[in-house]
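Colleague: This is the structure, below, for whatever I ask next.
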C-alpha cells in the first residue's frame, strides 16, 4: 500500500492534525447526542449514522488482517481480537442498545467520523499486518504488551459500564438525560470517555507503534473537549449537579 518512509511521514502528519482538531473542538462542540442543534445540514437517524461511521473500523481492520503478511502469529490474533472486541460492539451492538430511535445526527458529523475511523483503522492495520516486522510470540510477555493490555481491558470495562449506567437513565419512552450516579460517576462526569481514552493508550503501549500513538492522540483530541462540554452541560441543566465532580480525571480536571 505505502512504503515505510511515506507511511511514517503520513502518520506523523496525521498525528499533528490531532492538535488542530482538539483546538477546534475546544470551542465548537460537535452537534450530536445531548449537544444536538440545528444548522448543521441534513441529518440521519442516529442509530443508522453510528453503524455507518463505526462499521468500517471493524471491517477494514479485519480485511488488513486477512490480506497482510503478518497475520499468522499468536500476537497478530490477539491484536485482531482486541480491536474487534471494541468495534464490533461499537458498530453493531451499541446502536441497537442506545435507544436513539428518535434522535438524529448531522450527515457531516457522520462523514467526519467515518474519515477518522477509516484512516486510523487503515494505518494501524497496515502497520501491524503489513509494514511491521511482525511480533514474536515472546511479545506477549513483554512488559509493554502486558501493561498495555491491562490498560485496554480496564478502559474497556469502564467504558462499557459507564454506557450501561447512562442507558439505564432512559426508558424506551423517555430519551431525556438525568444525573448518573455510582462508580466513577461519583468523581467525573464522563467516565465513559475516560475509559475509551485509557483503552487506546493501552493499545498504543501494547503495539508500541506510531499508528497506535496516533489513534490514542485522536481519541483524546475528540473526547477531552467533549468531556469539558458535557461537564458544562450538566451544570447548566441540573442546578443540583454535584460540584465536586471533575470533567474527566478524578480529582484533577
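Table: residues versus (1) in contact (Cβ under 8 Å) with a residue 60 or more places away in the chain; (2) assigned to a loop (DSSP other than H, G, I, E, B); (3) closer than 18 Å to residue 91 by Cα.
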position	(1), (2), (3)
114	yes, no, yes
122	yes, no, yes
138	no, no, no
154	no, no, no
179	yes, yes, no
195	no, no, yes
204	no, no, no
219	no, no, yes
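Colleague: A further question on this structure: Does residue 148 fit the bill of being in contact (Cβ under 8 Å) with a residue 24 or more places away in the chain, on the phi > 0 side of the Ramachandran plot and in contact with a helix residue (DSSP H, G or I) (Cβ under 9 Å, 6 or more places away or on another chain)?
Modeller: When the stated conditions are applied, residue 148 does not pass them.
Colleague: Can you tell me which of 207, 164, 219 is at negative phi and loosely packed, with under 14 Cβ neighbours inside 10 Å?
Modeller: Only one candidate passes the filter, namely 164.
Colleague: Those residues that are part of a loop (DSSP other than H, G, I, E, B), closer than 20 Å to residue 23 by Cα and touching a residue at least 24 places away in the same chain (Cβ under 8 Å), I need them from the stretch 231-253; list them, please.
Modeller: Selection gives 247, 248, 249.
Colleague: Looking for whichever is assigned to a helix (DSSP H, G or I), outside the structural domain of residue 208 (by TED's automatic domain parsing), touching a helix residue (DSSP H, G or I) at 6+ places or on another chain (Cβ under 7 Å) and more than 30 Å from residue 236 (Cβ to Cβ) here; the options are 11, 66, 22, 93. Which one fits?
Modeller: Matching residue, one of 11, 66, 22, 93: 11.
Colleague: Keeping to the stretch 25-50, report how many residues are part of a helix (DSSP H, G or I), closer than 25 Å to residue 231 by Cα and either in the same structural domain as residue 227 (by TED's automatic domain parsing) or without any contact (Cβ under 8 Å) to a residue 60 or more places away in the chain (or both).
Modeller: Of the residues in that region, 3 qualify.
Colleague: Let me ask something else about it. Looking at 55, 18, 62 in this structure, which one is under 18 Å from the mean Cα position of the chain (by Cα), within 27 Å of residue 157 (Cα to Cα) and buried (at least 19 other Cβ atoms within 10 Å of the Cβ)?
Modeller: One residue alone meets the criteria, 18.
Colleague: Would you check which residues across the stretch 69-90 are outside any helix (DSSP H, G or I) and free of Cβ contacts under 8 Å to residues at least 60 places away in the same chain and list them?
Modeller: Matches in the stretch 69-90: 71, 72.
Colleague: Additional query: Kindly evaluate residue 228 against the criterion of being assigned to a helix (DSSP H, G or I), surrounded by fewer than 22 Cβ atoms within 10 Å (Cβ to Cβ) and free of Cβ contacts under 8 Å to residues at least 60 places away in the same chain.
Modeller: For residue 228, the condition - assigned to a helix (DSSP H, G or I), surrounded by fewer than 22 Cβ atoms within 10 Å (Cβ to Cβ) and free of Cβ contacts under 8 Å to residues at least 60 places away in the same chain - is not met.
The values are calculated or read from the model by the stated rules, or taken from the named source; none is laboratory data. Just so it is clear, the structure is predicted and the values come from calculations on it, not from any experiment. Cβ coordinates were reconstructed from backbone atoms using ideal geometry, including for glycine residues, and neighbour counts include every protein chain displayed.
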